[in-house]
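Shown next, in structure tokens, is the structure this report addresses.
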Amino acid sequence: MHERIRDVVRAIPRGTVATYGDVAAVAGASTPRLVGRVLAEDGADLPWHRVLRASGIPAPHLVHRQLELLRAEGVLADGQRVDLKAHRWRPE
């Protein structure tokens, strides 16, 4: 499961975002919390910044860096919230 989650996060294209729940659903993980755990423990080499809470808001301890990385990819936020309708990744 760990590697499936990593593979899904790696597949999120530049300029798009996914929620922890989206990644969990695609990977077949039992809970979005597992996605967060994998990213926290083993996600430094992944585009972790493309994964957000269901509300479109980054985790508080990551907000500034995450929004900076997303802006560099053309993903803009209204305050601290990314518009999921405009930027959400839809895997085929």
Test: ARG88 is of a type outside the set (Phe, Trp, Tyr), buried (at least 19 other Cβ atoms within 10 Å of the Cβ) and touching a strand residue (DSSP E or B) at 6+ places or on another chain (Cβ under 9 Å): no
Residues to consider are ILE12, ILE5; find the one that is touching a Lys or Arg at 6+ places or on another chain (Cβ under 8 Å) and crowded, with 21+ Cβ neighbours inside 10 Å. ILE12
Testing VAL75 on (1) without any contact (Cβ under 8 Å) to a residue 40 or more places away in the chain; (2) buried (at least 16 other Cβ atoms within 10 Å of the Cβ), one condition comes back false. Which one is that? (1)
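For the range 1-80, give me every one of the helices (runs of 4 or more DSSP H) that falls completely inside it and has 1 or more residues that are farther than 21 Å from GLU92 by Cα and among the β-branched types (Val, Ile, Thr).
Details: elements: 2-11, 20-27, 32-42, 63-72.
Filter on the range 1-80 gives 32-42, 63-72.
Among the residues of the range 34-55, is any on the phi > 0 side of the Ramachandran plot, without any contact (Cβ under 8 Å) to a residue 24 or more places away in the chain and surrounded by fewer than 16 Cβ atoms within 10 Å (Cβ to Cβ)? Let's see the steps before the verdict.
Here is the first cut: in the range 34-55, the ones on the phi > 0 side of the Ramachandran plot are none.
No; the residues of the range 34-55 include none that is on the phi > 0 side of the Ramachandran plot, without any contact (Cβ under 8 Å) to a residue 24 or more places away in the chain and surrounded by fewer than 16 Cβ atoms within 10 Å (Cβ to Cβ).
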Given the conditions (1) of a type outside the set (A, V, I, L, M); (2) in contact with a His (Cβ under 7 Å, 6 or more places away or on another chain); (3) modelled with pLDDT under 95, every one holds for GLU92 apart from (2)
Top-ranked residue of the range 10-35 - restricted to ones that are hydroxyl-bearing (Ser, Thr, Tyr) and in contact with a Pro (Cβ under 8 Å, 6 or more places away or on another chain), ranked as farthest from GLU73 (Cα to Cα): TYR20
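The values are calculated or read from the model by the stated rules, or taken from the named source; none is laboratory data. Keep in mind the model is a prediction, meaning the values are calculated, not measured. Neighbour counts are summed over all protein chains in view; Cβ atoms, including those assigned to glycine, are modelled from backbone coordinates with ideal geometry.
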